[in-house]
Amino acid sequence: MGGTVTDAGDNEAERTPLVGGSKAEKSEEEYFFNYSATLRIFGNINDFDEITKHLGVTPSKTHRQGEPHWVRTFPPYEHDMWSYKAPVERIEPLHAHIDALWNKFKERKEYLLQLKQGLEVDVFLGYRSNSDTAGFQVPYQSLEMFTELQIPFTVSVVIS
């Protein structure tokens, strides 16, 4: 129940937890719902600057194969990665993150499809909440990017 879609296609987040869940005793103000969307390009990347130039944005993060992982207990990175996180507040609904990302890269669709010939291109979607009885919805209009780029719609769900 983390969000609903209105007739206008808006995805207004509802912050009312379902009664009867293990956390039903919490007040409404104690729940949080965070979202993110990040375009990721990974594999054996020869030139980060070339990708940056063609996509027209500075990456949010990059790393090279073999560099230490930001989580010290994890092994070093297995591949190079260039990523761009949608610049949307994390409390905004998931579709706002997806739409911001697609609006940024829609005109560069052909280049992204070309990159897929030798690299992995995907969109990492994140949903994080402390409510185990909530969820989210994404309007069908916000799914265009996944169809056009021929990538799966996958969401990482973290309940903490």
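The values are calculated or read from the model by the stated rules, or taken from the named source; none is laboratory data. Since we're looking at a predicted model, the values are computed, not measured. FYI the Cβ positions are ideal-geometry reconstructions off the backbone, even for glycines, and counts take in every protein chain you see.
Go over the candidates P87, P68, P93 one by one and state the one that is closer than 16 Å to Y35 by Cβ, surrounded by fewer than 12 Cβ atoms within 10 Å (Cβ to Cβ) and not aliphatic (A, V, I, L, M). Even if it seems obvious, please write down each step before you answer.
On the way: P68 fails: closer than 16 Å to Y35 by Cβ; P93 fails: surrounded by fewer than 12 Cβ atoms within 10 Å (Cβ to Cβ).
After applying the criteria, what remains is P87.
Okay, residues lined up against (1) in a loop (DSSP other than H, G, I, E, B); (2) under 19 Å from the mean Cα position of the chain (by Cα); (3) under 30 Å from L119 (Cα atoms); (4) modelled with pLDDT of 95 or more:
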position	(1), (2), (3), (4)
M1	yes, no, no, no
E25	yes, no, no, no
R40	no, yes, yes, yes
N46	yes, no, yes, yes
V57	yes, yes, yes, yes
V71	yes, no, yes, no
R90	yes, yes, yes, yes
H95	no, yes, yes, yes
W102	no, yes, yes, yes
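Filter the stretch 82-95 down to the residues that are more than 13 Å from V123 (Cβ to Cβ) and among the aliphatic types (A, V, I, L, M) and list them by number.
Answer for the stretch 82-95, where residues must be more than 13 Å from V123 (Cβ to Cβ) and among the aliphatic types (A, V, I, L, M): V88, I91.
When the stretch 59-69 is examined, which residues are found to be part of a loop (DSSP other than H, G, I, E, B) and touching a residue at least 24 places away in the same chain (Cβ under 8 Å)?
Keep residues of the stretch 59-69 that are part of a loop (DSSP other than H, G, I, E, B), which gives 59-60, 64-69.
Scanning the stretch 59-69 gives P59, S60.
Mind listing whichever residues of the stretch 73-88 are in contact (Cβ under 8 Å) with a residue 24 or more places away in the chain and either of a type in the set (S, T, N, Q) or part of a helix (DSSP H, G or I) (or both)? Quick ask: steps written out before the conclusion?
We begin by selecting, within the stretch 73-88, every residue in contact (Cβ under 8 Å) with a residue 24 or more places away in the chain; these are 79-86, 88.
Matches in the stretch 73-88: S83 only.
When residues of the stretch 146-160 are filtered for being aliphatic (A, V, I, L, M) and in contact with a Leu (Cβ under 7 Å, 6 or more places away or on another chain), how many remain? Please lay out each step first, then the result.
Applying the first criterion (aliphatic (A, V, I, L, M)) to the stretch 146-160 yields 149, 151, 155, 157-159.
When the remaining residues are screened for being in contact with a Leu (Cβ under 7 Å, 6 or more places away or on another chain), the result is 149, 155.
Of the residues in that region, 2 qualify.
Test L125 against the stated conditions and say whether it is crowded, with 16+ Cβ neighbours inside 10 Å, of a type outside the set (D, E, K, R), under 17 Å from M81 (Cα atoms) and modelled with pLDDT of 95 or more.
Against the criterion (crowded, with 16+ Cβ neighbours inside 10 Å, of a type outside the set (D, E, K, R), under 17 Å from M81 (Cα atoms) and modelled with pLDDT of 95 or more), L125 qualifies.
Within the set of pairs 6 or more residues apart or between chains, which connect a residue that is under 12 Å from Q150 (Cβ atoms) inside the stretch 93-118 to a residue that is part of a loop (DSSP other than H, G, I, E, B) with Cβ atoms less than 8 Å apart?
Short answer, once both residue conditions are applied: K109/L149; L112/L149; L113/L149; L113/Q150; K116/L149; K116/Q150.
So, in the stretch 43-61, exactly how many residues are small (G, A, S) and surrounded by 13 or more Cβ atoms within 10 Å (Cβ to Cβ)? Explain how you work it out, then say what you get.
Just the residues of the stretch 43-61 that are small (G, A, S), to begin with: 43, 56, 60.
Those still in the list that are surrounded by 13 or more Cβ atoms within 10 Å (Cβ to Cβ) too: 43, 60.
Of the residues in the stretch 43-61, 2 are small (G, A, S) and surrounded by 13 or more Cβ atoms within 10 Å (Cβ to Cβ).
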